[in-house]
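Just so you know, all these numbers are worked out from the coordinates, no wet-lab data involved. Since the structure is predicted, the reported quantities are computational estimates derived from the model, not experimental observations. Every residue, glycine as well, gets a Cβ built from its backbone with ideal geometry; the counts of neighbours run over all protein chains shown.
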Amino acid sequence: MDTIEGMSRMLAENWWAVAIRGVIGVVFGIVAFLLPGTTILSLVLVFAAYMIVDGIFAIIAGIRAAQQQHQWGLLIVEGVVDIGAGLIAFFWPGITVLAFVILAAAWALLSGGLELAAAFRLKLDHGRWWLALGGVASIIFGVLLAIAPLVGALVLTWWAGAYALVFGVALLVLAFKLRAKNEDYHRTVHA
């Protein structure tokens, strides 16, 4: 079994994980359209909480490394920077939203390119085009964010909602294609 066929079979066996990603995408998309202000504020607050907690754990890791005579300085610096970023996000959510827009654009462009590459490498007859559609949606989303980063949190939230809906539906369709492929694999093994 070659690497591509093995990767395709592994993806087919885990079709349910792709389906869960799709459902989460659809739910997020609906919430983003219905409650855009709450959605963007929630994202900023989750980011703030994550950065503060991550910073605390980095400092703890730095202290433990120092106790064991290992290099610890960068861990402490990372922890302080993380906590600072979390506090900035909490107290100045507007700046955080702009930074988030720029980061989201970069992420969408990179992940979209990787999804397209994966779609054309997978050995799946029909499902690969749904993954490619998800990749194209990611790239379009990234370009839109990069072109108009100051349009505002409302539009960002709507774009994120539209992206999440398209991507979620694409993943759900892919999941059912993978499920069918998985059933085919099991029928040929047990035949």
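Reported value for the stretch 56-153: 142 Å³ per residue, from the convex hull of its C-alpha atoms. A crude spin-label estimate for the pair ALA65 and ALA106, with each label 7 Å from Cα along the Cβ direction, gives 2.2 nm. Applying 1/(1 + (r/R0)^6) with R0 = 22 Å to the Cβ-Cβ distance of ALA99 and VAL53 gives a FRET efficiency near 0.70.
To the nearest 10 degrees, how steep is helix 15-34 against the longest Cα principal axis of the chain, on a 0 to 90 scale? Orientation of helix 15-34: about 60 degrees from the principal axis. Compute the helix-to-body angle for 36-67: its Cα long axis versus the longest principal axis of the chain, expressed 0 to 90° and rounded to tens. The helix 36-67 is inclined about 70 degrees to the chain. Approximating the spin labels as points 7 Å out from Cα along Cα→Cβ, the PHE176-to-VAL81 distance works out to 4.6 nm. Here r is the Cβ-Cβ distance between GLU183 and VAL23 and R0 is 25 Å; the resulting FRET efficiency, rounded to 0.05, is 0.80. According to the square roots a ≥ b ≥ c of the eigenvalues of the Cα gyration tensor, what is the shape class of the stretch 1-102, taking rounded for a/c under 1.5, prolate for a/b larger than b/c otherwise, and oblate for the remainder? Oblate, since a/c reaches 1.5 and b/c is not below a/b.
Convex hull volume per residue, computed on the Cα atoms of the chain, equals 150 Å³.
Full extension of the chain segment joining ILE30 with VAL46 gains 3.9 nm, where the gain is 0.36 nm per residue of separation less the Cα-Cα distance. With the simple model of a label 7 Å out from the Cα in the direction of the Cβ, ILE88 to LEU114 spans 2.4 nm.
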